[in-house]
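Peer 1: What follows is a structure written as structure tokens; I'll ask about it next.
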Amino acid sequence: MKYRWKIGGKSDNRYKNYGKQIACIFVIAFETSTMKYSTEILIRLPRKKVIEIFQNTEYLQKWQPGLKSFESLDGSPGDEGSHSKLVYESRKGDLIMTETIVKKQLPESIDIVYRSQGVYNRVENRFTEQESGSTLWQSENYFRFRGIMMMMAPFLMRAFIHNTMLNMDRFKIFVENMNHADR
């Protein structure tokens, strides 16, 4: 196929690769796309209790209903440096993610990296004890996208934020209701 570009009213074959060069520059300049957002929620329980439940992998499926399985790959689950595999049910089949605990300074904070096809997500969780005996859970989310996910990221930002808030809210409800059942 011959490419002909009309520059300044003239047709010229010299610019037949011009479109390809622009596309290549676009791909290089936008090889990765990033996104960052913060969320927080107040849990009406002491930080010690919140952390105890947050770390317990046996409870994951109770507040993350789409989670089909959790498998420890390396190290003790929840320990700094440990790796795990999580499988979530999605509309288009299973979503497989790896989880790495990159920094653990509980009860104050825990940083976790999740990886799946085309997505890198670092979550910095902070747990602050409030005077009321409640716990403020703050989550900083950093995303890097590659491939097709890079192009879809701007359209999915709201969905990512919504999903994070939904999981935080599910955790809050689970923890607060669990505490009431213990009384």
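Peer 1: Can you tell me how many residues in segment 49-77 are part of a loop (DSSP other than H, G, I, E, B) and either among the acidic types (Asp, Glu) or within 17 Å of the chain's Cα centre (by Cα) (or both)?
Peer 2: Residues that pass the stated criteria total 3.
Peer 1: Could I ask something else about it? Hey, can you tell me all the residues within segment 119-165 that are among the aromatic types (Phe, Trp, Tyr) and more than 27 Å from Glu80 (Cα to Cα)?
Peer 2: Phe155
Peer 1: Specify the residue that is farthest from Phe127 (Cα to Cα); the eligible residues are those in segment 138-158 that are of a type in the set (D, E, K, R) and surrounded by 15 or more Cβ atoms within 10 Å (Cβ to Cβ).
Peer 2: First, the residues of segment 138-158 that are of a type in the set (D, E, K, R): 140, 144, 146, 158.
Then drop every residue that is not surrounded by 15 or more Cβ atoms within 10 Å (Cβ to Cβ), which leaves 140, 144.
Numbers: Glu140: 12, Arg144: 24 Å.
That would be Arg144.
Peer 1: Out of the residues in segment 159-183 that are free of Cβ contacts under 8 Å to residues at least 40 places away in the same chain and over 14 Å from the mean Cα position of the chain (by Cα), state the one that is surrounded by the most Cβ atoms within 10 Å (Cβ to Cβ).
Peer 2: Asn177
Peer 1: OK, next. If Glu108 passes every condition in (1) at pLDDT 50 or above; (2) of a type outside the set (S, T, N, Q); (3) not assigned by TED's automatic domain parsing to the domain that holds Phe160 but one, which one does it miss?
Peer 2: (3)
Peer 1: So, one more: Pick from segment 96-137 the residues that are aromatic (Phe, Trp, Tyr) and more than 22 Å from Phe70 (Cα to Cα): which of them is surrounded by the most Cβ atoms within 10 Å (Cβ to Cβ)? Don't jump to the end; show me each part of the working.
Peer 2: Within segment 96-137, the first condition is being aromatic (Phe, Trp, Tyr), and the residues that meet it are 114, 120, 127, 137.
Still in the running and more than 22 Å from Phe70 (Cα to Cα): 127, 137.
Values: Phe127: 19, Trp137: 22.
Looking at the filtered set, the residue picked out is Trp137.
Peer 1: Answer yes if at least one residue in segment 68-89 is at pLDDT 95 or above and touching a helix residue (DSSP H, G or I) at 6+ places or on another chain (Cβ under 6 Å), and no otherwise.
Peer 2: Looking for residues that are at pLDDT 95 or above and touching a helix residue (DSSP H, G or I) at 6+ places or on another chain (Cβ under 6 Å), one finds at least one in segment 68-89, hence yes.
Peer 1: How many residues are closer than 13 Å to Tyr114 by Cα and among the charged types (D, E, K, R) if we restrict to segment 71-102?
Peer 2: 2
Peer 1: While we're on this one: Among the residues of segment 83-95, is any closer than 22 Å to Lys36 by Cα and either free of Cβ contacts under 8 Å to residues at least 60 places away in the same chain or surrounded by 15 or more Cβ atoms within 10 Å (Cβ to Cβ) (or both)?
Peer 2: Looking for residues that are closer than 22 Å to Lys36 by Cα and either free of Cβ contacts under 8 Å to residues at least 60 places away in the same chain or surrounded by 15 or more Cβ atoms within 10 Å (Cβ to Cβ) (or both), one finds at least one in segment 83-95, hence yes.
Peer 1: Kindly check whether there is at least one residue in segment 40-59 that is free of Cβ contacts under 8 Å to residues at least 12 places away in the same chain and of a type outside the set (D, E, K, R). Walk me through how you get there before you give the answer.
Peer 2: Here is the first cut: in segment 40-59, the ones free of Cβ contacts under 8 Å to residues at least 12 places away in the same chain are 52, 56, 58.
Adding the requirement that they be of a type outside the set (D, E, K, R) leaves 56.
Yes, because at least one residue in segment 40-59 is free of Cβ contacts under 8 Å to residues at least 12 places away in the same chain and of a type outside the set (D, E, K, R).
The values are calculated or read from the model by the stated rules, or taken from the named source; none is laboratory data. Remember, it's a predicted structure, so these values are computed and weren't measured experimentally. FYI the Cβ positions are ideal-geometry reconstructions off the backbone, even for glycines, and counts take in every protein chain you see.
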